[in-house]
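What follows is a single structure, written as structure tokens, with notes after it.
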């Protein structure tokens with residue numbers, strides 16, 4: 001069996017091909033994305049650039065979450081907020097977090113355009129159970145208006161400085177920004 005034997009009229013390989021392991025071993029090379037399972041070859045779609053870009057992005061994202069979690073454990077604070085510095089304004093989100101020299105969140109303010117608000121909250125948070133236990137059962141609480149200010153006053157909210165691009169996908173324009181970035 002040759003590679004041309006598996007081409008269809010559309011030019012695409014069929015998803016499964018009956019083949020012995022010896023035939024598969026002779027046919028497959030490093031450029032073929034296929035596997036042999038129980039007498040059949042399963043041909044996989046080749047990786048396209050957008051898929052590779054997305055996979056790399058997701059790998060970096062998962063690694064960042066793991067580092068965030070480890071940093072939260074090391075910090076020993078009641079909470080941690082991921083923040084991103086965006087001096088070029090690529091995120092279209094104004095800075096809303098000020099960090100102290102020791103890495104704690106010193107101020108959170110979405111309404112002000114103050115120059116000390118150099119960081120953007122990236123929407124990734126971690127809290128110790130004790131923070132959640134402060135909230136009375138059945139009560140709706142605002143993180144921004146109630147939880148953050150209390151933790152900031154107590155110097156118990158750490159900032160996790162992320163160097164990775166932050167995407168706010170709260171509007172159609174910002175979703176389009178992310179899609180364009182993934183296609184680069």
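In this calculation the C-beta distance from residue 143 to residue 63 is compared with R0 = 25 Å, giving a FRET efficiency of 0.50.
Relative to the globular-protein estimate of 2.2 N^0.38 Å, the Cα radius of gyration of region 16-117 stands at 1.91. Rounded, prolate or oblate, given the Cα gyration tensor of region 75-130, with a/c below 1.5 counting as rounded? It is prolate, given that a/c is not under 1.5 and a/b is the larger ratio. Each of 55, 125 was scored by other Cβ atoms within 10 Å of its Cβ. Arranged with the fewest first, they read 55, 125. The ranking of 171, 91 from fewest to most other beta carbons within 10 Å of each one's beta carbon is 171, 91. Taking the fewest neighbouring Cβ atoms within 10 Å as the starting point, the ordered list for 19, 80, 45, 178 is 45, 178, 19, 80. Restricted to Cα atoms, the chain shows a radius of gyration and a Dmax of 24.7, 72 angstrom. In the chain, what percentage of the DSSP-assigned beta bridges are antiparallel, given to the nearest 5? Once the DSSP bridges in the chain are tallied, antiparallel ones form about 75 percent.
Each reported figure results from applying straightforward, stated rules to the coordinates on display, with no laboratory input. Keep in mind it's a predicted model, so treat the numbers as computed, not measured. Ideal geometry is used to build each Cβ from the backbone, glycine not excepted, and the neighbour counts take in all protein chains shown.
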